[in-house]
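Single-structure report; data block below.
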Amino acid sequence: MSRWPAGSNRQRSRRGERGITLVETLIALALGLIVLAGVLKMINQLVAGNTATLTTVRLAQDTRTVMDMIIQDLRRAGQYPEAGSDLGDPIRMLQDQPAAPRIDGDEIRAGKTGESVTYSYREADGKLVQARFSRDAKAGTVQMHTGTAAAAETITDASVMTVTGLTFTPTVVTQSAGSLHASAVAIEIRISTRLKNDPAVERQLTDRVLLRNVILGAIK
């Protein structure tokens, strides 16, 4: 026998107090997992996009660094301590000046394109330095050979990028000052690189360096 009269407020409140069923719990859990999956997917896309951006930026920076190294050292081509005292004496200047740069081992000719450049210069103490930049096609790297070192130095990181192309194209630049005319060599440098782990990411860079110290006795 019920302690509370039929239809009392206590009975009505108990009938209205109902917990969450198992079906409702499963539906809520499924909806939560769907939302969580969407959030995780968005985060994963953001991380992947950020990683791709960083690797692309690094490839561009590394390519620019290699280009700067080549340009800075090539500017030394033909320099020698006696240059100042030789001014006004073309014959002596030609005698004292180091050997002219060469492309792929041949004399520089306007429009000739090669994959290596060889040049020389004298340091302040008169020491002759012979230098060379080239591409190791097998390793996909840029090689730098300076001084009396027996072996070339690799200046690119093969674990990060592959150098797919390195070309040197010389042109003759004529400079005039009144009735005086002088010719100099400008070399256009082109470097092509790609990421080691993602060959689809590529970078091409072109720049030019003027060899102010090189006197052209005969440019063909």
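The values are calculated or read from the model by the stated rules, or taken from the named source; none is laboratory data. Every value quoted in this text rests on a predicted model; they were computed, and no experiment measured them. When we count neighbours, we look across all protein chains shown, and the Cβ atoms used for this are built from the backbone with ideal geometry, even at glycine.
Residues that are modelled with pLDDT of 80 or more, hydrophobic (A, V, I, L, M, F, W, C), farther than 27 Å from Ile191 by Cβ and surrounded by 10 or more Cβ atoms within 10 Å (Cβ to Cβ): does region 59-80 have at least one?
No: zero hits.
Could you list, in sequence order, all residues of region 206-220 that are at pLDDT 95 or above and surrounded by 14 or more Cβ atoms within 10 Å (Cβ to Cβ)?
Across region 206-220, the qualifying residue is only Asp207.
Conditions tested, residue by residue: (1) within 26 Å of Arg76 (Cβ to Cβ); (2) modelled with pLDDT of 90 or more.
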position	(1), (2)
Ala150	yes, no
Thr167	yes, yes
Ala184	yes, no
Asn197	no, no
Ala200	no, no
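For region 103-126, what are the residues that are surrounded by 17 or more Cβ atoms within 10 Å (Cβ to Cβ) and at pLDDT 90 or above?
Hits for region 103-126 are Ile103, Gly114, Ser116, Val117, Thr118, Tyr119.
Just checking, which of Val160, Val172 is surrounded by 13 or more Cβ atoms within 10 Å (Cβ to Cβ), hydrophobic (A, V, I, L, M, F, W, C) and at pLDDT below 85?
None of the other options fit; the residue is Val172.
Would you confirm whether any residue within region 127-146 is closer than 22 Å to Leu210 by Cα, out of contact with any Leu (no Cβ under 9 Å at 6 or more places or on another chain), charged (D, E, K, R) and loosely packed, with under 15 Cβ neighbours inside 10 Å?
Among the residues of region 127-146, not one is closer than 22 Å to Leu210 by Cα, out of contact with any Leu (no Cβ under 9 Å at 6 or more places or on another chain), charged (D, E, K, R) and loosely packed, with under 15 Cβ neighbours inside 10 Å, which makes the answer no.
Taking only region 13-43 into account, find how many residues are surrounded by 10 or more Cβ atoms within 10 Å (Cβ to Cβ) and at pLDDT below 75.
1
State which residue pairs qualify: first residue of a type in the set (S, T, N, Q) and inside region 118-139, second residue surrounded by 19 or more Cβ atoms within 10 Å (Cβ to Cβ) and outside any strand (DSSP E or B) in any location, beta carbons under 7 Å apart, and separation of 6 or more residues or different chains.
Going by the 7 Å Cβ cut-off, the qualifying pairs are Thr118/Pro101; Ser120/Pro98.
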